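Q: Okay, handing you the structure first.
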Amino acid sequence: MNPVLGVLAVLAACASSGIAGTFLELKLKDQTWSLWTKNILLSACGAVVSGAGVVMTDWARVSTQGLYSGFTPAVWFVVLDISCGGLLVAVVVKYADTIRKGFATTLSLVLSTVVAFTFYNFSPSPLFFVGLVCVVSSSMGYAKAHADEQVRQRAKAAAAQFSATRLPTV
């Protein structure tokens, strides 16, 4: 194991996730194309990438046994779960933004940890708790900074509205 390579991989994953989330939000909120057209384009890109993966890794098996060979009910449940999760992310990004999706991801991390600890006898390492504290504190720090900025903007708007209001003269 190479820890430097691991850290670089995590940093690359974080950067690409942030760029992808921002780009997705930009394109979803762009009103040039309909939502259906955007969904078809995104699905086509995913199908091409997935198809390339199948051709490169499992083409011999797929060509003889079919694309869905080996799919059990558990696998179909995972496919359904991931599909519903993707639709849920699309709804969140459509009606909220990428930052709120990050908050939802943080909440799901905490809830998943609680469920795993309660039902599956999960025993997290101290390093896991360090990571959990980092994720939760960064989300809380951003939320506080964002809330402070909203308060400043509301106060500025109220002051501008008050100064624009003319009191009647007697």
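Q: Search region 31-59 for residues that are closer than 19 Å to residue 82 by Cβ and without any contact (Cβ under 8 Å) to a residue 12 or more places away in the chain and pair each with any residue that is of a type in the set (Gly, Ala, Ser) and loosely packed, with under 10 Cβ neighbours inside 10 Å when their beta-carbon atoms are under 8 Å apart and the residues are at least 6 apart or on different chains.
A: Within 8 Å, no pair qualifies.
Q: Additional query: Let me confirm something: among 79, 10, which residue is in contact with a Phe, Trp or Tyr (Cβ under 9 Å, 6 or more places away or on another chain) and either free of Cβ contacts under 8 Å to residues at least 12 places away in the same chain or surrounded by 10 or more Cβ atoms within 10 Å (Cβ to Cβ) (or both)?
A: Numbers: 10 fails: in contact with a Phe, Trp or Tyr (Cβ under 9 Å, 6 or more places away or on another chain).
Residue meeting the stated conditions: 79.
Q: Could you go through region 52-70 and let me know if any residue there is aliphatic (A, V, I, L, M), exposed (fewer than 11 other Cβ atoms within 10 Å of the Cβ) and at pLDDT below 85.
A: No, because not a single residue in region 52-70 is aliphatic (A, V, I, L, M), exposed (fewer than 11 other Cβ atoms within 10 Å of the Cβ) and at pLDDT below 85.
Q: Restricting to region 34-78, name every residue that is under 30 Å from residue 95 (Cα atoms) and among the basic types (Lys, Arg).
A: 38
Q: Restricting region 1-33 to residues that are under 16 Å from the mean Cα position of the chain (by Cα) and hydroxyl-bearing (Ser, Thr, Tyr), which is farthest from residue 89 (Cα to Cα)?
A: 16
The values are calculated or read from the model by the stated rules, or taken from the named source; none is laboratory data. The shown structure was predicted, so the numbers you read here are calculated from the model rather than taken from an experiment. Here Cβ is always computed from backbone atoms with ideal geometry, including for glycine, and neighbour counts include all displayed protein chains.
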